[in-house]
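Notes to accompany the following structure.
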């Protein structure tokens, strides 16, 4: 994304520079219609590039923000309130949506969890 942002900034500078050269070349004379059209076209390119640059800068800022692990921790803290408000059948439904398999060791009473979409097994749970 950084390379694209650099390319956009370079294109933005090129378009703005060309626009300034066209305006300077025309001077105070009445400009031909094709030059006026070109200036408008360049203005559109500059406006579009500026908007894309701002969008990419926002995206980069978001990527440099809190990690997914931090966001997950925050969501789980908030989830406690939601979980507490669920009835037993609703909790069971949520668990069936996120868990693929639960293996219980009868001798130790520990459970091993496998979450949907993951090949990793979660550590034992008592």
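No lab work stands behind these numbers, since they all come straight from the coordinates. The structure displayed is predicted, hence computed values, not measured ones. Positions of Cβ are generated from backbone atoms using ideal geometry, with glycine treated the same way; all protein chains shown enter the neighbour counts.
What to note about this one:
- Complete set of residues in segment 103-117 that are in contact with a helix residue (DSSP H, G or I) (Cβ under 8 Å, 6 or more places away or on another chain) and in a loop (DSSP other than H, G, I, E, B): 116
- Selection within segment 59-102 - within 17 Å of the chain's Cα centre (by Cα), surrounded by 10 or more Cβ atoms within 10 Å (Cβ to Cβ) and part of a helix (DSSP H, G or I): 59, 60, 70, 71, 72
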